[in-house]
Amino acid sequence: LLAGATITVAGKGYAGAAGANGYGAGNGKYGSAGSGAGHGGNGGTEQFGGLGGDGYDSLSNPTELGSSGGGASGAAGGAGGGAALIAVGGTFTLSGLIDAGGGSAAGGTNYTGGGGAGGTVNISAVALSGSGTIQANGGDGATGNIGYSGGGGGGGRIAVKVTGSGDPALLNLS
């Protein structure tokens, strides 16, 4: 992946909805302010104490989509991040960006949604080179005009497996 190039599955996981719990194994919960979705970690608590979604998926071989944040009346939770599963039979050169971030929530007039969880980036290659960036950040919870604040989405999962030579420490993982 050349410098300046991007592979993005940001916001391509489970979709958020207004007036409902989020979707996926770590879904955020519905409330006056929706809670954040979980995936690689737990989602954020919303302003009134509603807990975020739980973390899930394999640590060493993640494949799941990010869950969506909890909605509120008139405001959708953020969508989860998608899954980028990359297998290379030779050297994988990453000098660009791979993004599986969760979507930020919508703010309604009064009520607000929770952020979507980051998705998955799972790379397997014989060798690795480059100094690119891989990210699977959770989306932000929204704040409404009367101050209600939704919870932020938990980060996603990133796995890099090198079966031959290469140093995954050269990559910027977030």
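The values are calculated or read from the model by the stated rules, or taken from the named source; none is laboratory data. All values reported here derive from a predicted model rather than from experimental measurement. Quick reminder, even Gly has a Cβ in these numbers, built from the backbone with ideal geometry, and neighbours come from all protein chains shown. Note: accessible area is taken over every heavy atom of the protein model, side chains too, but ligands, DNA and RNA are not part of it. Shrake-Rupley method; radii C 1.70, N 1.55, O 1.52, S 1.80 Å.
Among the residues of region 1-50, what is the count of those that are under 13 Å from the mean Cα position of the chain (by Cα) and charged (D, E, K, R)? Qualifying residue count for the region: 1.
Only strands (runs of 3 or more DSSP E) wholly contained in region 1-110 count here; list those with 2 or more residues that are of a type in the set (A, V, I, L, M, F, W, C). Write out each step before concluding.
Details: elements: 6-8, 83-93, 97-99.
In region 1-110, the matching strands (runs of 3 or more DSSP E) lie at 83-93, 97-99.
Taking region 135-148 as the search range and keeping residues that are surrounded by 21 or more Cβ atoms within 10 Å (Cβ to Cβ) and more than 10 Å from the chain's Cα centre (by Cα), which one is farthest from G43 (Cα to Cα)? Ranking the candidates gives G144 first. In region 88-115, the residue that is modelled with the lowest pLDDT out of those that are open to solvent by 50 Å² or more (accessible area, probe 1.4 Å) and either among the aromatic types (F, W, Y) or closer than 14 Å to G153 by Cβ (or both) is Y111. Considering region 41-81, and only residues there that are of a type in the set (A, V, I, L, M) and under 23 Å from T109 (Cβ atoms), the residue that is modelled with the highest pLDDT turns out to be A79.
Looking at L128, L85, just one residue is open to solvent by 10 Å² or more (accessible area, probe 1.4 Å) and either in contact with a Phe, Trp or Tyr (Cβ under 7 Å, 6 or more places away or on another chain) or at positive phi (or both), and that residue is L128.
Being within 13 Å of the chain's Cα centre (by Cα), of a type in the set (A, V, I, L, M, F, W, C) and closer than 18 Å to N137 by Cα, is that true of even one residue in region 85-103?
Yes.
Per-residue answers, yes or no, for (1) on the phi > 0 side of the Ramachandran plot; (2) touching a residue at least 60 places away in the same chain (Cβ under 8 Å); (3) among the aliphatic types (A, V, I, L, M):
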residue: G90; (1), (2), (3): no, no, no
residue: G102; (1), (2), (3): no, yes, no
residue: I134; (1), (2), (3): no, no, yes
residue: N145; (1), (2), (3): no, no, no
residue: S149; (1), (2), (3): no, yes, no
residue: V160; (1), (2), (3): no, no, yes
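Restricted to region 111-169, the set of strands (runs of 3 or more DSSP E) holding at least 1 residues that are in contact with a helix residue (DSSP H, G or I) (Cβ under 9 Å, 6 or more places away or on another chain) comprises 120-129, 157-162.
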